[in-house]
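Some notes on the structure that comes next.
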Amino acid sequence: MALTVDIKKRLGKFTLQVSFTGELGEVTGLLGASGSGKTVTLQCIAGLLTPDEGRIELDGRVLFDHRAGIHLPPQQRNVGYLFQQYALFPHYTVEQNIAVATRNREEVEELLRRFHLEPHRKKRPGQLSGGQQQRVALARILAAKPQVLLLDEPFSALDTHLRGEIQGELSRFLAQFSGPCLMVTHSQDEVRRLCHRVCVVHDGVSQPMQDTAEFFARPRTLSAARLLGCPNISPVEHGTDGTWYATAWGIPVEIPPGTSRVAIHPHHVRLVSGPGQGRLCGNGTHIEVGIFSVNVDVATPCGILHVELPRGVWEEKNDTQSIWVELPQDQIIPLMDG
């Protein structure tokens, strides 16, 4: 029961053009900067906005097809949409909010029990914590028996101290959901914890999907690397000797066609004793000592290189002058524009 999306939507000067597939039983993270088009994508899938072109298909059922003139209304799409502010009815009690989605009283009772809401059944949303409100919203969605879940920044309305607890609850809930799920988020932690795959949306355009582990280890594009906060990014330049060079580091790199920049994670930079292939020398200009690691800004002739070292390795060095580091070729990440 996959969700296939391939649409184009114009909103003023902004154009959304996304194409991806959400697989059965998987959570796909839509990750991107504010204004990149993530929420618009969910609204098009839910039927709240109408795309200008393209097709949306859920489990073989066409929800939207511009050429065929198909545009199912929201109530016929069988989509569960968790809004950022949960959209609970403020004057309804907990059980009344859930009962909006089903007339089966036994189902309401089961959902109250499943989401640990029985003690709160007569309370109204304003009497609940953020986590309790989220549970009510999820119970109401589940009562409607959706085929797909759309989660729009599900933790944005929660206080920081509640997020870890509610992430755990949502993770357990999603593990029991058999359909595809799309989650809009800005948080790397939420992606790591909840998502199986990641689709970056940059300036309205979706990028090829990656498994979550691969995405964090080796992002494919410049915008993806920036979203991850990777500080070591260098342009590349073709030298007169036919070799490609990372100009911010002054070292040769081996890269595939189409590469516009290269990156390396700070924890993949190695401390070494002297010159060699892929090595450069600099002085430590800023040092942050943590419990297990040390972050060092190394000023090289070509620029600053951010390095993260095990604390024990740095303590053995204990000298900010003439720091030799190595950028292993197998840890250098080729990046495409976008």
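Assorted remarks:
- Residue count for the stretch 1-51 satisfying the condition of being open to solvent by 50 Å² or more (accessible area, probe 1.4 Å) and under 23 Å from Q75 (Cα atoms): 9.
- Test: H202 is touching an Asp or Glu at 6+ places or on another chain (Cβ under 8 Å) and open to solvent by 20 Å² or more (accessible area, probe 1.4 Å): no
- Scanning the stretch 62-79 for residues that are open to solvent by 30 Å² or more (accessible area, probe 1.4 Å), under 17 Å from A144 (Cα atoms) and not aliphatic (A, V, I, L, M) yields P73, P74, Q75, Q76, N78.
- Matching residues, the stretch 112-131, being free of Cβ contacts under 8 Å to residues at least 24 places away in the same chain and within 30 Å of the chain's Cα centre (by Cα): H116, L117
- Subset of the stretch 15-29 (residues that are under 21 Å from A225 (Cβ atoms) and either acidic (D, E) or touching a Leu at 6+ places or on another chain (Cβ under 6 Å) (or both)): T28
- Of residues in the stretch 80-89 being open to solvent by 70 Å² or more (accessible area, probe 1.4 Å) and within 27 Å of the chain's Cα centre (by Cα), the one farthest from T185 (Cα to Cα): Q85
- Strands (runs of 3 or more DSSP E) enclosed by the stretch 246-338 - at least 2 residues per element that are within 27 Å of the chain's Cα centre (by Cα) and in contact (Cβ under 8 Å) with a residue 12 or more places away in the chain: 261-263, 293-300, 303-310, 333-335
- Pairs are defined by a Cβ separation below 9 Å, a sequence spacing of at least 6 or placement on different chains, a first member in the stretch 58-72 that is without any contact (Cβ under 8 Å) to a residue 40 or more places away in the chain and under 20 Å from P180 (Cα atoms), and a second member that is part of a loop (DSSP other than H, G, I, E, B) and charged (D, E, K, R); the pairs so defined are R61/R77; L63/R77.
Table: residues versus (1) farther than 30 Å from E57 by Cβ; (2) at pLDDT below 80.
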site	(1), (2)
K122	yes, no
S129	yes, no
A137	no, no
L151	no, no
F155	no, yes
T160	yes, yes
E165	yes, yes
L174	no, no
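- Any hit, the stretch 313-327, residues being modelled with pLDDT of 95 or more, out of contact with any Phe, Trp or Tyr (no Cβ under 6 Å at 6 or more places or on another chain), closer than 21 Å to R218 by Cα and open to solvent by 50 Å² or more (accessible area, probe 1.4 Å): no
- Residue in the stretch 212-227 that is in a loop (DSSP other than H, G, I, E, B), exposed (fewer than 14 other Cβ atoms within 10 Å of the Cβ), in contact (Cβ under 8 Å) with a residue 12 or more places away in the chain and touching a strand residue (DSSP E or B) at 6+ places or on another chain (Cβ under 6 Å) present: no
- If you go through the stretch 52-61 and keep only what is assigned to a strand (DSSP E or B) and either under 16 Å from L16 (Cα atoms) or open to solvent by 60 Å² or more (accessible area, probe 1.4 Å) (or both), you end up with E53, G54, R55, I56, R61.
- Failed criterion for T41 (all others in (1) closer than 20 Å to A144 by Cβ; (2) in a helix (DSSP H, G or I) hold): (1)
The values are calculated or read from the model by the stated rules, or taken from the named source; none is laboratory data. All values reported here derive from a predicted model rather than from experimental measurement. Cβ: placed from backbone, ideal geometry, glycine included. Neighbour counts: every protein chain shown. Surface accessibility is based on the protein's heavy atoms, side chains included, excluding ligands, DNA and RNA. Shrake-Rupley method; radii C 1.70, N 1.55, O 1.52, S 1.80 Å.
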